[in-house]
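Participant: Before I ask anything, let me first share the structure, which is written out below as structure tokens.
The values are calculated or read from the model by the stated rules, or taken from the named source; none is laboratory data. If you're wondering where the values come from, they're calculated on a predicted model, not measured in any experiment. Here the Cβ is made from the backbone with ideal geometry for all residues, glycine too, and neighbour counts use every protein chain on show. These accessible areas exclude ligands, DNA and RNA; they are computed on the full protein's heavy atoms, side chains included. Shrake-Rupley method; radii C 1.70, N 1.55, O 1.52, S 1.80 Å.
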Amino acid sequence: MTTKTIKVNYLARVEGEGGLRVVVRNGVVTKAELSIFEPPRFFEAFLRGRAFSEAPDITARICGICPVAYQMSAVHAMEDALGVRVTGALRALRRLLYCGEWIESHALHIYLLHAPDFLGYAGAVDMAREHRALVETGLGLKQAGNAILTLLGGREVHPINVRVGGFYRMPSRRELAPLAERLERAREAALATVRWAAGLDFPERRHDYHFVALRHAAEYPFNEGRIVSSRGLDLSPAEFEDSFEEDHVERSTALHAHLKADGSSYLVGPLARYSLNFDRLSPLAQAAAREAGLGATCANPFQSIVVRAVEVLYACDEALRIIAAYEEPDHPSIPLTPRAGIGHAATEAPRGLLYHRYRLTEDGAIAEARIVPPTSQNQASIEADLKNFVGGWLDLPEEELRHRCEQTVRNYDPCISCSTHFLRLELDRG
Amino acid sequence: MTRQRPRLAVWKFASCDGCQLSLLDCEDELLAVAGAVEIAYFPEATRGTVRGIYDVSLVEGSITTPHDAARILDVRRRSRQLITIGACATAGGIQALRNLADVREYTAIVYARPDYIQTLATSTPIAEHVSVDFELRGCPINKRQLLEVLAALLAHRRPVTPAHSVCMECKARGNVCVMVAQGTPCLGPVTHAGCGAICPAYARGCYGCFGPMEMPNAPSLSEHLAALGMDRATLARFWRGFNAHAAPFREEAHCHDD
């Protein structure tokens, strides 16, 4: 029996800090553990005693990559607690803002974080020396997403215009017009991205995932819908905690989520959303996915780069639809009256389902907060992928093996600050 | 003769990653920046790392664990210039709200097994641990200001980041004062400039992302806010946001505790 240890001290190109430990005994992977060393920041604790209206600005600070997702789950959960619903043009503007975040976050991951894995570079800056046009396309696309966030949200990171009940200020039709021109160019770039990504070399690795995502009656999901799964779950967001739970493991400051019923893992994020909602994509996005060789479902995590590209295309398409149909509402927000209650919401962050629950006191102060981010839900699936895939790579040269392991984690675009929470790979061959 | 490019490192402590993302958000300038400096350590963007001494380190995040308190000393030793970026690094961030509470209770609220969690009782800015050459404010930082800091560094000059209040930026932007005209509570008069007065431009009051300006008159603003009808508890909370541990805001908040 050979004894060998590979260690990756800091997994790069993921947002946050984590490490990875793979144990191999006699050529078989017996254990794959993801650890997250992100220092705990205790959001759920210091939210207690704050006003309900402060939740969108405070929870945005959980993640600088997907602040809109936190703001959206927060406002929907608060509105649920207060017994109000935001509809019409204000609801559409929230979808538009979410389109901006998906475009920005996915373009960042596709071009700057994930593409270097497929083309064999340490990072996008190195890649740009030989693939300058490619990196520039990616940056241009990312900038289009950020243009939505800047106009509608006030700035790219931690937008300031979102409030419980709507917005502080709504854009005029005239302000949105230049954005539409830019998004039309972005849609072309997104289509080119799907075609480019489809031509990459993917390891043939599949897994029978339990996909979990929102599903809405008419739309590809951002803000609203029922929580459905590929194995028949169909829940309202208020029932989330009946079916899913989080565990605390010693190696990690992020909690690990799994199904309550049998402790099994499940997958949230682009693959799950796509596989459960293909029929809700716009005709253009569906056609591009077909042309890229994707079926109506996708279970190869390495192809998540193609699925993200399809979602970027959809988000450009949807943003253009929203802008074309936009009529300025009479008021930027709806009136709210504080009351005691419990509110739940789940929305689709770029990395997957993001659940918030709040209990409010009579005067609208937060008595209790619970936040379940996508990366903590996907940790078990990341570990399962490593366990399933690493076995086939054990004969590869050390450096390449390590790289494959890192890539397996990066497939998930893990946002580790989100899970409150960096990566170190340690391969123990016994 | 080619002069060697300065070696840049980007470090993360307790934070949301938003400030380092601001560098990647410079879509038009990123490749030019990458040509002007050698990005020697930036794990969020690249797996390639160069070890040794860095000409400049950008540090994001606050110190909240014993491990990070030791790590920042090593980062300082290996950096010719150390620049902190963002409210976490310059003031302890939103997570500094723990400084007012019992961290054991906080751990028990969030984690099923508090015994697995290693954390300090406080979240503190980098400057409370090592000497800092320049502080860039903001939650998040403004990317134009980040580019100014990098440009200044390349030109061997001091970055120009005015320490006056957000009010000045509001006037420059032509905003109507939200506090005078609508009675909307606003931290603009005491908050460090840098964001471009975004909130008042979007019809809301400033909530202090950039922390205290130079010589703020916080008590006077509290009086004004109280006259607008803000009760003591709300006032204390208003000062305790993303820069709650910055001395002028911390002390003013304390005056309104019961």
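Participant: Identify, from the list A:154, A:145, A:140, A:100, the residue that is at the interface with chain B (Cβ under 8 Å from one of its Cβ atoms), under 22 Å from residue A:270 (Cβ atoms) and not aliphatic (A, V, I, L, M).
Facilitator: Of A:154, A:145, A:140, A:100, the one residue that is at the interface with chain B (Cβ under 8 Å from one of its Cβ atoms), under 22 Å from residue A:270 (Cβ atoms) and not aliphatic (A, V, I, L, M) is A:140.
This table checks each residue for (1) in contact with a strand residue (DSSP E or B) (Cβ under 7 Å, 6 or more places away or on another chain); (2) of a type in the set (S, T, N, Q); (3) surrounded by fewer than 24 Cβ atoms within 10 Å (Cβ to Cβ); (4) not in a helix (DSSP H, G or I).
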| site | (1), (2), (3), (4) |
| --- | --- |
| A:273 | yes, no, no, no |
| A:279 | no, no, yes, no |
| A:285 | no, no, no, no |
| A:289 | no, no, no, no |
| A:295 | no, no, yes, yes |
| A:305 | no, no, no, no |
| A:315 | no, no, no, no |
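Participant: Within the range B:221-258, how many residues turn out to be open to solvent by 20 Å² or more (accessible area, probe 1.4 Å) and farther than 24 Å from residue B:176 by Cα?
Facilitator: 16
Participant: With the checklist (1) open to solvent by 50 Å² or more (accessible area, probe 1.4 Å); (2) among the hydrophobic types (A, V, I, L, M, F, W, C); (3) assigned to a loop (DSSP other than H, G, I, E, B) in hand, flag the one item residue A:342 doesn't pass.
Facilitator: Answer for residue A:342: the failing condition is (3).
Participant: May I pose another question? Only one residue in B:55, B:17, B:68 is out of contact with any Phe, Trp or Tyr (no Cβ under 9 Å at 6 or more places or on another chain), among the acidic types (Asp, Glu) and either within 12 Å of chain A (Cβ to nearest Cβ) or under 28 Å from residue B:116 (Cβ atoms) (or both), so which one is that?
Facilitator: The unique qualifying residue is B:17.
Participant: Does residue A:258 satisfy the condition of being in a strand (DSSP E or B) and either surrounded by fewer than 24 Cβ atoms within 10 Å (Cβ to Cβ) or aromatic (Phe, Trp, Tyr) (or both)?
Facilitator: yes
Participant: Do the conditions hold for residue B:59, that is, is it surrounded by fewer than 23 Cβ atoms within 10 Å (Cβ to Cβ), in the same structural domain as residue B:114 (by TED's automatic domain parsing) and touching a Ser or Thr at 6+ places or on another chain (Cβ under 7 Å)?
Facilitator: Criteria not met by residue B:59.
Participant: Can you pull out the residues in the range B:203-220 that are open to solvent by 20 Å² or more (accessible area, probe 1.4 Å) and among the aliphatic types (A, V, I, L, M)?
Facilitator: Selection gives B:203, B:213, B:215.
Participant: If you check A:138, A:123, which single one turns out to be modelled with pLDDT of 95 or more, farther than 19 Å from residue A:164 by Cβ, more than 14 Å from the chain's Cα centre (by Cα) and open to solvent by less than 10 Å² (accessible area, probe 1.4 Å)?
Facilitator: Residue meeting the stated conditions: A:138.
Participant: In the range B:85-94, is there at least one residue being within 8 Å of chain A (Cβ to nearest Cβ) and either touching a Gly at 6+ places or on another chain (Cβ under 9 Å) or open to solvent by 10 Å² or more (accessible area, probe 1.4 Å) (or both)?
Facilitator: yes
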